Structures are given as C-alpha cells and as structure tokens.
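The structure under discussion appears below in the form of structure tokens.
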Amino acid sequence: MNINLSHFSAAVVFALFASVAATAIAPTMPARLDEFQGALFERAREFRDSRSVRVDTFDELAGAVATGFAYAFICEEPGCEKAIQERTGATPRCIPRDGPDESGPCVVCGGSSGYGRRLVFGRAY
C-alpha cells in the first residue's frame, strides 16, 4: 500500500514513524494507528463537506455533481431519477438518516418530494 504522506501534518507523520524501541512498538501501535485513522477520517470528511451542495434546481444539481455531491429533493417517480442519471451521470447515493426532515419540489418535475428529506446524488468514479 502506498500512502502519500504530503496530505498529513508533520505531527501525524512524526507520530507514526518516530523511532521507537522494539519493546515499545506493541504497546504504542494501537494509539498510533488510531491517530492515523482519525487523520484519514477527518481528511475524508473535509473533502466530502467541501464538495457537497444543497440544491433546489436541476441546473444546480448538474453543476454540483460535476465536482462532488448534491443534496436535492426528488419525487418517487422512476422517470425523474432516470432523467437525472441520463443527463448528468449521477444517481442517488443515500437518504441521510441524520438529515433534517424537510420537503420541497422535485428538481426534475416540480412534484412533491417523496422521501421527507433531500437525497444525496453523486457520480461514480
């Protein structure tokens, strides 16, 4: 596995690869791995959040999924989901269970949203 360490702070890299006596490796490794996993998780969260947009129109959705994710209302008509996929390459990724309960017009047809919250749309990579 190759890891590009340039994405991590010097403190994290030092904490992972600092010289450690052989007898101290086993006791310190869980904490080092937890710190590394925490840094990876925070980096991924920041990346996701910086590329996620709440949208209310189809054009906004198309722009958002070109570089990230769109939180959008959609009705339960299969044709609307299909139209989004055909025109943008995006598909629904999930219905966030911790998202706020809200409703609004479908970004495709203007009908009532069918899920009680915005869905996350994104393109496969």
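Nothing in this text is a laboratory measurement; each read-out follows from the coordinates by a stated rule. Quick caveat: nothing in here was measured; it's all calculated off a predicted structure. When we count neighbours, we look across all protein chains shown, and the Cβ atoms used for this are built from the backbone with ideal geometry, even at glycine.
Side notes on the structure shown:
- The value obtained for region 52-123, namely the Cα convex hull volume divided by the number of residues, is 69 Å³ per residue.
- Think of region 52-123 as a dipole: +1 on every Lys or Arg Cβ, -1 on every Asp or Glu Cβ, centred on the Cα centre; then among GLY104, GLY68, GLY79, GLY68 lies furthest on the positive end.
- The modelled label-to-label distance for the pair ARG32/ARG45, using points 7 Å beyond Cα in the direction of Cβ, is 2.5 nm.
- Label-point separation, GLU86 to ALA21 (7 Å along Cα→Cβ), nm: 7.0
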